[in-house]
1. From (1) farther than 18 Å from GLY424 by Cβ; (2) touching a Gly at 6+ places or on another chain (Cβ under 7 Å), pick out the condition that doesn't hold for LEU134.
2. Give just the number: which of (1) open to solvent by less than 70 Å² (accessible area, probe 1.4 Å); (2) under 18 Å from THR16 (Cβ atoms); (3) in contact with a helix residue (DSSP H, G or I) (Cβ under 8 Å, 6 or more places away or on another chain); (4) of a type outside the set (Phe, Trp, Tyr) does PRO41 not satisfy?
3. Inside the range 132-171, can you point out the residues that are more than 15 Å from GLY228 (Cβ to Cβ), among the hydrophobic types (A, V, I, L, M, F, W, C) and open to solvent by 10 Å² or more (accessible area, probe 1.4 Å)?
4. May I ask you to list the residues in the range 1-35 that are of a type in the set (Val, Ile, Thr), at pLDDT below 95 and outside any loop (DSSP other than H, G, I, E, B)?
5. Applying the selection to the range 385-395, what residues are open to solvent by 30 Å² or more (accessible area, probe 1.4 Å) and either under 18 Å from ASP315 (Cα atoms) or near the ligand (Cβ under 10 Å from one of its atoms) (or both)?
6. Restricting to strands (runs of 3 or more DSSP E) lying wholly in the range 304-393: which have 2 or more residues that are in contact with an Asp or Glu (Cβ under 6 Å, 6 or more places away or on another chain)?
7. I want to confirm something. Restricting to the range 323-370 and keeping residues that are in contact with a strand residue (DSSP E or B) (Cβ under 6 Å, 6 or more places away or on another chain) and among the charged types (D, E, K, R), which single residue is modelled with the lowest pLDDT?
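The values are calculated or read from the model by the stated rules, or taken from the named source; none is laboratory data. Just so you know, these numbers come straight off a predicted model, no measurement behind them. With ideal geometry, Cβ positions are generated from the backbone for all residues, glycine too; neighbour counts draw on all protein chains shown. SASA here: full protein model, heavy atoms, side chains in, ligands and nucleic acids out. Shrake-Rupley method; radii C 1.70, N 1.55, O 1.52, S 1.80 Å.
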Amino acid sequence: MGSSEQTPPADSMEETIAAIATPPGPGGIGIIRISGPLSLPIFEKLFRPRHKKSPAAYESRRMYYGWIMDPADSAPIDEVLAVFMRAPYTYTREDIVEIQCHGSYLVMQEILSAITGSGARLAEPGEFTKRAFLNGRLDLTQAEAVLELIEARTEVGLSMAIGQLQGRLYEKVSAIKEGLTALRAIIEVAIDFPDEETDILDSVTLREQIRTGVEEPLAALIARADEGKIFREGVSAVILGRPNVGKSSLLNTLLDEDRALVTPIPGTTRDTIEEFVNIKGMPVRIVDTAGIRHTNETVEELGIQRARAKLADADLVLFMLDATEPLTEEDLDLYNSLKQNRKKQKVLLVLNKTDLAPEASPEQYRAALGNEELVAVSAKVPSGIAELKDTVFSLITGREKGPGWDPGSAFVPNVRHKAALIKGLEACRRVEEGLKLDISPDLLAIDIQSALDHLGDIVGETTTEDVLDMIFERFCIGK
Ligand code: GDP
């Protein structure tokens, strides 16, 4: 602890940071990354190139082959390929060294401790990306896109992350900010020349300008955010139905076709009966209530309670029926309890086992159960699964059935962006209202500035330190 009072703050950019960049556990190759002013000196100390250079000057962005040696006893640690990248043309805009060693966690740890023993410190989660942001290589939406790209569960989520990483959202927000800045300039002139104020502030034109140039694009971005949430975070569905209608079979069929990737999030445990299915790019968390049935009565009671709790959170209920049997008391009881507890959930009737001789027509089941939308499937054959997915997709997104959604180069704001966009829009509406009421230009200028600040938060120009911390601590170490 002796020198702790001299330790610079954790985010000091003077420090050289290092981390293992590949996931823990054995792999073909492991990568260790160093960023900061000491990257090259540390590398020179630890690396023995296969071909001695004289003088030993490492060229930027050239791969070198050799050994990492333990500085304590000069013993070799591992055979590696390494590259030095000179600032500012690097991910962090600082000097970077990347060492590719064999993918053994022990080897990586040993190399890392040789590096930290030579003057670097361990990087915080997301610190490389945070430096890229603080050094101006990425705006904040792009830094967030890096995390989204790593965590994307479906191809649509990935596509959204790529668009954002390319700066699409940044460009859109910047264009809106430009419109506001132009407006502020006009208002500032009016403040400076109060006598001519009424000529300068042509209320009708300016209001039109703020409506079409600022408010409409902001509103369009806000509308997109909800859709983005569906594809980023996913939705949850419950398969409900009496025993033996085929709930587990359906879940298995869906999983066989398209399991969505799940990124393990530290500190969370997953319920064993929950799985992620990729439905046309939406990660859908499906809870199979069958897993908590088929047991003795007490456990069954418990199971029903848990199923109810899951139901309350679900976005969608797949209410399953057996086409080979008429509607039973149990079907009706379940449906009625669903109706009583129903909040915002969409309900889709799934008529299963249609590969066998039917007992009644789909219309008859519908008529008995509130005329909800119905899809006929066979979980076993399987058949009707594509129609089921199409219907789920359009129920949740409100989009047409048919081709899924490809956001391509679209900008899809996240929850944080949406909150700032709404505040920005509110401030713009106050400006518009103020122009109508002919209020003093000083007051208009305050609201314009407020709108600009909220938009500045999105791209990271005016974002506070604690918001930045919240964003970057969600990253993994080494990114
Ligand atoms: P759960 O209790 O609702 O989860 O029902 P299961 O998925 O365990 O299925 C009960 C039985 O119905 C099993 O024997 C399945 O093989 C059968 N089953 C499920 N779906 C179908 C289907 O679409 N067609 C046919 N013929 N049998 C099915």
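1. (2)
2. Here PRO41 clears every test but (3).
3. PHE133, LEU134, LEU138, VAL146, ILE150
4. Of everything in the range 1-35, nothing turns out to be of a type in the set (Val, Ile, Thr), at pLDDT below 95 and outside any loop (DSSP other than H, G, I, E, B).
5. Just the residues of the range 385-395 that are open to solvent by 30 Å² or more (accessible area, probe 1.4 Å), to begin with: 386-387, 390, 395.
Listed by number, the residues that qualify are ASP390, LEU395.
6. Values: elements: 316-322, 346-352, 373-376.
Counting at least 2 such residues, we get 346-352.
7. LYS346
Residues checked against (1) closer than 21 Å to LEU395 by Cα; (2) away from the ligand (no atom under 15 Å from the Cβ):
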{"position": "ALA323", "(1), (2)": "no, no"}
{"position": "GLN345", "(1), (2)": "yes, yes"}
{"position": "ASN352", "(1), (2)": "yes, no"}
{"position": "GLN364", "(1), (2)": "no, yes"}
